[in-house]
Amino acid sequence: MRKIIMMLSFALCTVAINAQERIDRPDLKFEKSSQVLTEATGWIYNKSSGKWMENLNTITTDKPYSDSKRAIEYMRSRSSSTFNKLQIKTITYNNTPYYILVMERWAGSYKYPSIQKDWQTGIRNYAYIISEEEYNKLRNIQNSIEVLVEGDVYIYEYDETKLLDEIQNELIKIDQQKALETPKKKKQKNEEKKGRKMLFLVTKSTEGQIRFKLPMTIYGSAPDFSQEYYETAPENFSKLIIPNT
């Protein structure tokens, strides 16, 4: 009798599983958007010459070989820190609001990397995921602040649907990692975060200008602003602020 009951239970479970409806996951959508920040001066101290060097939207000691668009694209694509435009967009995932820093930049790679020949440039679009609590730090910048970035993704040509899919996949991965955490693993992870984390660094100069560094992975202490940074007026940086409603 017990064997029959077990077989019936198994059969019912199988039927229930097979009868489940095919349900797509909900799509994310961008809800609010800030203005677009398109210009900031990149400053870097050149240790060889002992002079500060500036470039629009790029931190590098190089200068374009000409004033042509192609020369500027080439220079920017070879820099580790550059952007064409920055914008904040909001999403809601699992009833939790997130702020996404969307960045377009020039990037590049060699067609023949083994012999470092034929450098090719192209656009990449990055998305940095920031919690509401962390984003709110940007609303009142008086001293240096560190905005923690929870995750990041990138695509090549801008495609909003594809970018949102990548963001959702990253958030799902973050949730799955959190679900598997035991108290011991959580403590260990918190210790690791002290040594490795992604930060968006912002400060205000003594002259009242806003200085910032694009999101970067930090090992140990966050770097200061003594050697390189982007600088812009507060009213320009405020383009990244979405007003509270």
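For region 170-179, give me each residue that is over 30 Å from Glu73 (Cβ atoms) and surrounded by fewer than 18 Cβ atoms within 10 Å (Cβ to Cβ).
Ile172, Lys173, Ile174, Asp175, Gln176, Gln177, Lys178, Ala179
Being in a helix (DSSP H, G or I) and over 18 Å from the mean Cα position of the chain (by Cα) is the filter here; which residues of region 225-237 pass it?
Scanning region 225-237 gives Pro234, Glu235, Asn236.
When you scan region 91-119, how many residues do you find that are surrounded by 15 or more Cβ atoms within 10 Å (Cβ to Cβ) and farther than 18 Å from Tyr158 by Cβ?
Residues flagged as surrounded by 15 or more Cβ atoms within 10 Å (Cβ to Cβ) and farther than 18 Å from Tyr158 by Cβ within region 91-119 amount to 3.
Only one of these is touching a residue at least 12 places away in the same chain (Cβ under 8 Å) and not in a strand (DSSP E or B): Met103, Met75. Name it.
Result of the check over Met103, Met75: Met75.
In region 102-159, how many residues are under 16 Å from Lys89 (Cβ atoms), of a type in the set (Asp, Glu) and out of contact with any Ser or Thr (no Cβ under 7 Å at 6 or more places or on another chain)?
5
Restricting attention to region 50-75, which residues are touching a Gly at 6+ places or on another chain (Cβ under 9 Å) and either of a type outside the set (S, T, N, Q) or closer than 14 Å to Ile123 by Cα (or both)?
The answer is Met53, Glu54, Leu56, Ile59, Glu73, Tyr74.
Out of region 132-159, which residues are touching a residue at least 12 places away in the same chain (Cβ under 8 Å) and exposed (fewer than 13 other Cβ atoms within 10 Å of the Cβ)?
Glu132, Arg139, Gln142, Asn143, Tyr156, Glu157, Tyr158
Read-outs throughout are calculated quantities, based only on the coordinates presented, and are distinct from any laboratory measurement. Computed from a predicted structure; not experimentally measured. Note: ideal-geometry Cβ built from the backbone for every residue, glycine included; neighbour counts use all protein chains shown.
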